[in-house]
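Read the structure below first, then the notes.
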């Protein structure tokens, strides 16, 4: 084997190694960004649904707000709605997964969460309704 063939082989091996390293780093980054955020009532969308393949959306429900967390390559996008401003919750059930549509009373575009199981969608709706009931009962007692 002459020197030109050896150096060409070395270049191919180096380029292949760099490509594999970039793919591994990107896959690791996507996996890390797709981890569940901390909290008790966090609902993670399935990676098998549209818009959730790399970075699945998550819905965090607390006694005071509903937050949609959408990870990005760099950073994340969060949209939060106070429970007093949740006007309605719709569940669109498909063959395997459901979409949850949360409409606000402020006239904003609704928050749409794709790719949750039907059980998770029903539990999200029940939690929001329970927290809203508790919120308004507490408000009546203080008046």
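The values are calculated or read from the model by the stated rules, or taken from the named source; none is laboratory data. Bear in mind that the values here come from a model prediction, so they are computed numbers and not experimental data. Because the Cβ atoms are built from the backbone with ideal geometry, glycine has one as well, and the counts that use them run over all protein chains shown.
Side notes on the structure shown:
- Single match in 122, 112 (criterion: within 18 Å of the chain's Cα centre (by Cα) and assigned to a strand (DSSP E or B)): 112
- Count of segment 1-30 residues which are surrounded by 11 or more Cβ atoms within 10 Å (Cβ to Cβ) and closer than 19 Å to residue 72 by Cβ: 4
- Complete set of residues in segment 2-59 that are touching a helix residue (DSSP H, G or I) at 6+ places or on another chain (Cβ under 8 Å) and modelled with pLDDT under 90: 54, 55
- If you go through segment 73-95 and pick out every residue that is outside any strand (DSSP E or B) and in contact with a strand residue (DSSP E or B) (Cβ under 9 Å, 6 or more places away or on another chain), you end up with 2.
- Qualifying residue in segment 24-46 (condition: part of a helix (DSSP H, G or I) and either touching a strand residue (DSSP E or B) at 6+ places or on another chain (Cβ under 8 Å) or at positive phi (or both)): yes
- Long-range neighbours under 7 Å by Cβ, at least six apart or interchain, first residue closer than 19 Å to residue 87 by Cβ within segment 121-142, second part of a helix (DSSP H, G or I) and at pLDDT 95 or above: none
- Residue that is modelled with the highest pLDDT, among those in segment 94-128 that are touching a helix residue (DSSP H, G or I) at 6+ places or on another chain (Cβ under 6 Å) and surrounded by fewer than 13 Cβ atoms within 10 Å (Cβ to Cβ): 105
- Test: residue in segment 54-65 that is in the same structural domain as residue 133 (by TED's automatic domain parsing), in a loop (DSSP other than H, G, I, E, B) and without any contact (Cβ under 8 Å) to a residue 24 or more places away in the chain: no
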